[in-house]
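To keep things clear, I will list the structure first and then write my remarks on it.
The values are calculated or read from the model by the stated rules, or taken from the named source; none is laboratory data. The shown structure was predicted, so the numbers you read here are calculated from the model rather than taken from an experiment. So basically every Cβ, Gly included, is an ideal-geometry build from the backbone, and we count neighbours across all protein chains shown. Please note that ligands, DNA and RNA were not included when accessible areas were found on the heavy atoms of the full protein model with its side chains. Shrake-Rupley method; radii C 1.70, N 1.55, O 1.52, S 1.80 Å.
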Amino acid sequence: MSGGYFNRHMIAFGEIANSIECDIARALRPKPEKNCEDYWTIYEKDSLSSYHSYKDYMSFASYEDAESFLLLDKTIVKAEQKYADRRFFDDGVIFQSKKRNMSDTSDGEQIPVLYSIHHCCYDRYPDEADVLELSDETINAMKEAYRQIRIAEIYATRVDWMMSGDDSEESFRERVKEDLAEFEKEYATKDWTYLDEDDE
């Protein structure tokens, strides 16, 4: 026999620990250089509950470029102040439709479809970059989570073997001590940056 008392459920401990180990390694990898994104885009609000990008998601080099493109549609004009005052967008309402109204308004209220020109400025990693950003504090907490789960795995395995009749009580106690000591040595010298390709 080789255990079976817990019906192999303790295997889940190892799987969880391995997953945490992989995530820590990913978080410690050198990060690729971020791309600086600085552009303008147009949002359209055609319902009270949400807004979306105008036409396909488009980007413009300047506010003026975005405004010129939007005003190519002669049914769109500068918004009345009352719509800007209602703060439908975080950065204020800029334009409104002369012909189209929002859906899902209450009590027959008619609010024109509204548009906002939004400035986007942020840094982001290149597309497809496998980057996991975690703070040092979070990584340290995950290392301790890994440690505690591995310890639980050792205890569960040894109890399983004892209760299945593979180990005596004395052997159980001795092997728990041996396994814990071996694990603590491994943990103390662990290279957290190493990630086996088979684990990815």
When the range 10-28 is checked residue by residue, the ones that are in contact (Cβ under 8 Å) with a residue 40 or more places away in the chain and over 17 Å from the mean Cα position of the chain (by Cα) are Met10, Phe13, Gly14, Ile16, Ala17, Asn18, Glu21
Among the listed residues Asp85, Asp104, Asp73, Asp91, which satisfies the condition of being closer than 25 Å to Asp38 by Cβ and not β-branched (Val, Ile, Thr)? Asp91
Among the residues of the range 97-113, which ones are in contact (Cβ under 8 Å) with a residue 40 or more places away in the chain and surrounded by 11 or more Cβ atoms within 10 Å (Cβ to Cβ)? Arg100, Met102, Ser103, Thr105, Ile111, Val113
Say we look at the range 72-96 and pick out the residues that are loosely packed, with under 13 Cβ neighbours inside 10 Å and closer than 15 Å to Trp40 by Cβ; which of these is modelled with the lowest pLDDT? Asp91
Against the condition crowded, with 16+ Cβ neighbours inside 10 Å, among the aliphatic types (A, V, I, L, M) and touching a residue at least 40 places away in the same chain (Cβ under 8 Å), how does Ile149 come out, does it pass? yes
Is it the case that some residue within the range 35-43 is free of Cβ contacts under 8 Å to residues at least 24 places away in the same chain and open to solvent by 30 Å² or more (accessible area, probe 1.4 Å)? no
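Quick grid of which residues meet (1) in a loop (DSSP other than H, G, I, E, B); (2) charged (D, E, K, R):
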{"site": "Asn7", "(1), (2)": "yes, no"}
{"site": "Gly14", "(1), (2)": "no, no"}
{"site": "Pro30", "(1), (2)": "yes, no"}
{"site": "Lys45", "(1), (2)": "no, yes"}
{"site": "Lys55", "(1), (2)": "yes, yes"}
{"site": "Ala84", "(1), (2)": "no, no"}
{"site": "Arg87", "(1), (2)": "yes, yes"}
{"site": "Gly92", "(1), (2)": "yes, no"}
{"site": "Lys98", "(1), (2)": "no, yes"}
Hey, any hits in the range 132-140 for a residue that's loosely packed, with under 12 Cβ neighbours inside 10 Å, at negative phi, hydroxyl-bearing (Ser, Thr, Tyr) and modelled with pLDDT of 95 or more? yes
So, in the range 53-70, exactly how many residues are more than 14 Å from Val113 (Cα to Cα) and either open to solvent by less than 100 Å² (accessible area, probe 1.4 Å) or modelled with pLDDT of 90 or more (or both)? 12
Given (1) in a helix (DSSP H, G or I); (2) under 20 Å from Cys121 (Cβ atoms), Ile24 misses just (2)
I'm trying to understand the selection: among the residues of the range 152-197, which are open to solvent by 50 Å² or more (accessible area, probe 1.4 Å), of a type in the set (Asp, Glu) and under 27 Å from Gly4 (Cβ atoms)? Glu169, Glu170, Glu174, Glu178, Glu182, Glu186
